[in-house]
């Protein structure tokens, strides 16, 4: 019995070792968020099992660019105006339905190292929180970039706390890894349309 277990462990260890030599295509390697749109227009899954939606299912056009924040799959999709650029980013989403605002909005302002001011309702729930945290410090929950939406107090922003990405962890905003929000900040512009579903 013990000998059989040793053989299975050796076999499994060898399989794991061989798997480390497998080379993934460039679009599937760590850190890559660039995808080619299939020529046929069909939906394709990437290695993270996120579905690449068609922008046409959510927007009339990509004028000014388009951002789809999917709170169910916890993913943010970006299409450039000319549709030559598509990006997919894992995101954090609001903790509860009460904190979630869904619908159409747009980016109205962009900020590098934005300061954070909790809303009155946040301070009511968390009276020990500070009334303001300066931008650019590790304690700032907005990370290194903020894309302000037309809804007051709602943003797409970075985070220094990477454990939040992929989870229900925000007070209403959509959070991204800092490196991803920097890229999105450079791609998106004031006026980019945003849809939260």
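The table below gives the values:
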item	result
Alpha-carbon Debye profile of the stretch 41-197, log10 I(q)/I(0) at 0.15, 0.21 Å⁻¹	-0.75, -1.48
Among 51-57, 187-193, the order from most to least packed when residues are scored by Cβ within 10 Å on average	187-193, 51-57
Exposure proxy ranking, count of Cβ atoms within 10 Å, fewest first, for 164, 131	131, 164
For the stretch 130-197: rounded, prolate or oblate by the Cα gyration tensor [a/c cutoff 1.5]	rounded
Gain on full stretching of the segment that runs from residue 124 to residue 139 - 0.36 nm per residue minus C-alpha separation	3.4 nm
Most to least packed among 65-74, 136-145 [average Cβ atoms within 10 Å]	65-74, 136-145
Potential lengthening between residue 113 and residue 51 on full extension [0.36 nm per residue; Cα-Cα distance subtracted]	19.2 nm
Gained length - residue 61 relative to residue 98, 0.36 nm times residue gap less alpha-carbon distance	10.3 nm
For the stretch 59-80 versus the stretch 124-197, the gap between their alpha-carbon centres in whole angstrom	16
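Only the coordinates and a few stated rules stand behind these numbers; no lab work does. On a predicted model such as this, the values are computed, not experimentally measured, just so you know. Please note: Cβ atoms are built from the backbone with ideal geometry, for glycine as well, and neighbour counts cover all protein chains shown.
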